[in-house]
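The values are calculated or read from the model by the stated rules, or taken from the named source; none is laboratory data. Just so it is clear, the model here is predicted, and its values are computed rather than measured. Ideal geometry is used to build each Cβ from the backbone, glycine not excepted, and the neighbour counts take in all protein chains shown.
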């Protein structure tokens, strides 16, 4: 498995859309689709459930995403790269081997989470929303 393919996988998992992920990665959609199909073949697991205009992770895909994000953190811990993230998205507790250093000058941004009144969330999206509500409060 190549790091490039892992990067492609994480982008598609984050965007939940092949076309948007391809645009973000500056590759063509067929290139991205072929790389991810090859990854599924290499692992012998189906990682995505494809819908008309979106894509969602299977249970195996959720597991790979978690491990891939841990791998990125490990690269930063080992000095093989730098991790640029928002505060509290990566474990920076004592013993994690990572430290959060705010950018200077301080950058702030407002973020909004918006969804339909009667949504049908995937299990991972529902878990994410519960975590956001418990961390930041809200309706």
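Might you check whether a residue that is closer than 18 Å to residue 13 by Cβ, surrounded by fewer than 12 Cβ atoms within 10 Å (Cβ to Cβ) and at pLDDT below 85 occurs anywhere in region 85-103?
The answer is yes, given that some residue of region 85-103 is closer than 18 Å to residue 13 by Cβ, surrounded by fewer than 12 Cβ atoms within 10 Å (Cβ to Cβ) and at pLDDT below 85.
Among the residues of region 120-138, write down those that are assigned to a loop (DSSP other than H, G, I, E, B), out of contact with any helix residue (DSSP H, G or I) (no Cβ under 8 Å at 6 or more places or on another chain) and surrounded by fewer than 10 Cβ atoms within 10 Å (Cβ to Cβ).
120, 137
Condition test on residue 39, is it closer than 16 Å to residue 7 by Cβ and touching a helix residue (DSSP H, G or I) at 6+ places or on another chain (Cβ under 6 Å)?
yes
For region 20-68, which positions are within 16 Å of the chain's Cα centre (by Cα), assigned to a helix (DSSP H, G or I) and surrounded by fewer than 15 Cβ atoms within 10 Å (Cβ to Cβ)?
Hits for region 20-68 are 24, 59, 63, 66, 67.
Somewhere in region 69-78, is a residue touching a helix residue (DSSP H, G or I) at 6+ places or on another chain (Cβ under 6 Å), under 28 Å from residue 5 (Cβ atoms) and either at pLDDT 80 or above or not in a loop (DSSP other than H, G, I, E, B) (or both)?
No, that holds for no residue.
Among the residues of region 1-19, how many are closer than 12 Å to residue 55 by Cα and either without any contact (Cβ under 8 Å) to a residue 40 or more places away in the chain or part of a loop (DSSP other than H, G, I, E, B) (or both)?
7
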